[in-house]
Each structure stands twice: as structure tokens, then as C-alpha cells.
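A.B. asks: First the structure, which I've put down as C-alpha cells, then a few questions once you've had a look.
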Amino acid sequence: MARYPISPTFRTWEFNVKASLEDIASAFVHHEFSVAYPYFSDDVTWSLVGGVRFDGPAAVQSHCAASSAYLESVTTTFVGFSVMRGPDYVVVESEATYAEPTYAEPTGRSSAVASSDVFRFRDGLISSISSYNIELPTK
């Protein structure tokens with residue numbers, strides 16, 4: 001399970017009947033994928049820019065499940081996180097480190113990734129996600 005600092009206002013979907021667009025996008029980027037599932041449109045797409053594209057809720061959820069399996073094996077620490085919203089989109093910029101348990105010491109192996117995820121909404125549902133990811137040098 002991902003471990004990250006949570007601001008007092010972050011998990012508002014636990015208290016609201018309907019989550020805000022920012023809450024839905026933030027949960028997805030924080031690897032809480034299942035929070036976003038009810039908000040997928042029937043024709044949702046997820047593009048890993050420069051890589052693969054997943055079409056439809058089943059394909060997106062399948063990739064989320066595969067990602068979750070990997071994320072269960074590492075410790076995730078978000079070191080940067082910002083959210084911007086427009087009328088029908090949310091952009092989440094994040095930076096995270098991923099450390100394998102056997103390499104969790106400061107001199108051990110880990111990876112760092114900077115991401116920008118663009119969520120497009122239609123009628124309150126996610127119609128597309130475009131993820132731009134780049135691996136960063138580790139310290």
C-alpha cells in the first residue's frame with residue numbers, strides 16, 4: 001500500500017456523498033485507484049504518453065490492478081504534489097520515490113519519478129487520463 005503524507009483536507013471523499021474532481025484525480029495519482037472507478041465514463045481512456053493506451057473501464061482497471069500489485073511490493077513516498085483545476089479538467093503534478101524493502105536504506109536502490117497527469121471530465125466522469133512520467137536521478 002502506498003504511504004504518503006496526507007493533508008487534513010485530502011481524503012474528503014470519505015466524508016462527502018460526492019467527491020470533487022480534484023479528490024478523484026488526487027486519489028488516482030496517490031494510487032488509490034478504486035476510489036476513481038465509479039467515476040470512469042463508459043469510454044474512458046488512459047494514455048501513458050510515449051507508451052501504451054488503455055481503452056474502456058475494464059482495460060484501465062486491469063492496468064490499475066497490475067500497478068497495485070507492484071506498488072504493494074515497494075514503499076512509495078510522495079515528495080511533491082500539486083493540483084490544478086479547470087472547468088472540465090484536473091492536472092496533478094507529483095514527484096514520488098519508490099523503494100524496494102530490501103533496498104530501503106539510504107544507500108540502497110530506489111527510483112524517483114516526476115509525473116503530470118491530465119484528467120479530462122465529461123458530465124462529472126473521467127473521460128480520459130494522460131500520464132506524462134519521467135524517471136529522475138536518485139540521490
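The values are calculated or read from the model by the stated rules, or taken from the named source; none is laboratory data. Quick caveat, the model's predicted, so the values are computed rather than measured. No Cβ is skipped: glycine too gets one built from the backbone with ideal geometry, and neighbour counts run over all protein chains shown.
A.B. asks: Being at negative phi, exposed (fewer than 14 other Cβ atoms within 10 Å of the Cβ) and under 17 Å from the mean Cα position of the chain (by Cα) narrows it down to one of S82, S128, so name that one.
C.D. replies: Details: S128 fails: exposed (fewer than 14 other Cβ atoms within 10 Å of the Cβ).
When all the criteria are applied, what remains is S82.
A.B. asks: Is one or more of the residues making up the stretch 106-119 among the β-branched types (V, I, T), closer than 18 Å to L21 by Cβ and touching an Asp or Glu at 6+ places or on another chain (Cβ under 6 Å)? Show your work before the answer.
C.D. replies: Quick first cut of the stretch 106-119, residues among the β-branched types (V, I, T) only: 107, 113, 118.
Then keep just the ones that are closer than 18 Å to L21 by Cβ; that gives 118.
Now drop any that are not touching an Asp or Glu at 6+ places or on another chain (Cβ under 6 Å), which leaves none.
No, the stretch 106-119 contains no residue that is among the β-branched types (V, I, T), closer than 18 Å to L21 by Cβ and touching an Asp or Glu at 6+ places or on another chain (Cβ under 6 Å).
To keep it simple, each residue is scored yes or no on (1) over 12 Å from S130 (Cα atoms); (2) part of a strand (DSSP E or B); (3) touching a residue at least 40 places away in the same chain (Cβ under 8 Å).
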position	(1), (2), (3)
F54	no, yes, no
A59	yes, no, no
S62	yes, no, no
A65	yes, no, no
S73	yes, no, no
F78	yes, yes, yes
P87	yes, no, no
V92	no, yes, yes
T97	yes, yes, yes
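A.B. asks: Filter the stretch 111-122 for residues that are of a type outside the set (V, I, T) and at pLDDT 95 or above; which is farthest from T97 (Cα to Cα)?
C.D. replies: Here is the first cut: in the stretch 111-122, the ones of a type outside the set (V, I, T) are 111-112, 114-117, 119-122.
Adding the requirement that they be at pLDDT 95 or above leaves 114-117, 119-122.
Working: A114: 9, S115: 11, S116: 15, D117: 17, F119: 22, R120: 26, F121: 28, R122: 32 Å.
My answer is R122.
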